[in-house]
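The values are calculated or read from the model by the stated rules, or taken from the named source; none is laboratory data. Keep in mind that what you see is a predicted model, and the values were worked out from it rather than measured. Here the Cβ is made from the backbone with ideal geometry for all residues, glycine too, and neighbour counts use every protein chain on show. Protein only, heavy atoms only, side chains kept; ligands, DNA and RNA dropped before computing areas. Shrake-Rupley method; radii C 1.70, N 1.55, O 1.52, S 1.80 Å.
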Amino acid sequence: MFSDLLDTIHWAYFFVAALIFVAGIYAGPIAVEKELRWLLRYPRWLFRLMERYFKTDFHFLLIFFLIFVLNNISLFSGFLSGFLIAGPVLAAFLTGFNVSVVTFEMMGWQGIWHILTNPVAWLEFPAAWVSFGLGFQLAEVQLVQFNGPETFEVFSILWPIYLKYVAGLLFFAAVIETGMIVISRRFMDDKED
């Protein structure tokens with residue numbers, strides 16, 4: 001079932017991506033506490049955007065679509081960052097950083113621990129690590145051979161893995177996250193009544 005993933009991905013890159021991502025998660029709250037505004041501009045903009053959509057009464061399918069598409073844009077760009085040699089390192093770190101800044105701004109340090117117990121994160125984080133791991137494989141071809149056609153050939157082998165596993169995990173994560181949003185809205189509406 002997972003043989004194509006096991007045969008294709010370089011697990012060292014998967015684990016390096018995970019470590020860089022987690023380093024970004026722990027750097028986020030430090031940047032907030034030290035008020036490093038130049039680093040916080042994008043995640044704070046993202047946070048305001050999330051607040052706006054969480055308060056709007058969108059239909060389940062629209063919320064699902066937005067979450068699924070935005071997460072795929074983020075992770076697919078992380079995969080494509082492999083066309084730049086240092087791209088996957090920055091993408092992995094900044095993705096973890098942005099997630100933690102938004103979470104920290106919402107719930108403080110408790111939110112960082114909440115990330116680890118959130119079933120959505122159990123799907124999104126491995127999807128991110130696979131995506132960045134694939135990006136590292138593209139970057140390796142660029143670094144070792146610096147050959148555009150060779151890189152595109154490797155990309156043509158890797159993108160079906162992205163589509164099958166990363167997009168697949170993000171699909172299920174979006175279903176769960178949308179369900180959690182809808183249920184929490186109903187709970188808040190019931191509480192107000």
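The table below lists the values:
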| read-out | value |
| --- | --- |
| Rel. contact order, % - alpha carbon contacts under 8 angstrom, at least six apart, region 35-193 | 31 |
| Accessible surface of the chain [probe 1.4 Å, protein heavy atoms]: carbon and sulfur percent | 71 |
| Solvent-accessible heavy-atom area per residue, rounded to whole Å², over region 49-193 at 1.4 Å | 55 |
| Cα long-axis angle, helix 87-107 against the chain (0 to 90 degrees, to the nearest 10) | 10 |
| Additional length obtainable on full extension of the chain from residue 73 to residue 157, 0.36 nm per residue less Cα span | 28.3 nm |
| Estimated [θ] at 222 nm from DSSP helical runs (n ≥ 4, -39500 (n - 2.57)) normalised by residues in the chain, nearest 500 | -29000 deg cm²/dmol |
| Alpha-carbon centroid distance for the pair region 68-83 / region 4-58, whole angstrom | 13 |
| Gyration tensor verdict on region 30-89 (Cα atoms; rounded if a/c is under 1.5, prolate if a/b is larger than b/c, oblate otherwise) | oblate |
| Neighbour-limited loop hits for trypsin sites (Lys or Arg not before Pro), region 24-99 (at most 12 other Cβ within 10 Å; DSSP other than H, G, I, E, B) | 34 |
| Accessible-area ranking of 60, 15, largest first, probe 1.4 Å | 15, 60 |
| Residue order for 21, 93, 2 - accessible surface, 1.4 angstrom probe, largest first | 2, 93, 21 |
| Shape of region 1-151, Cα gyration tensor, a/c cut at 1.5 | prolate |
| Most fluctuating residue given options 144, 120, 22, as computed from a GNM of the chain linking Cα atoms under 10 Å | 144 |
| Cα radius of gyration and Dmax for region 70-193 (Å) | 17.4, 64 |
| Approximate spin-label separation residue 117-residue 167, in nm, with each point projected 7 Å along Cα-to-Cβ | 3.5 |
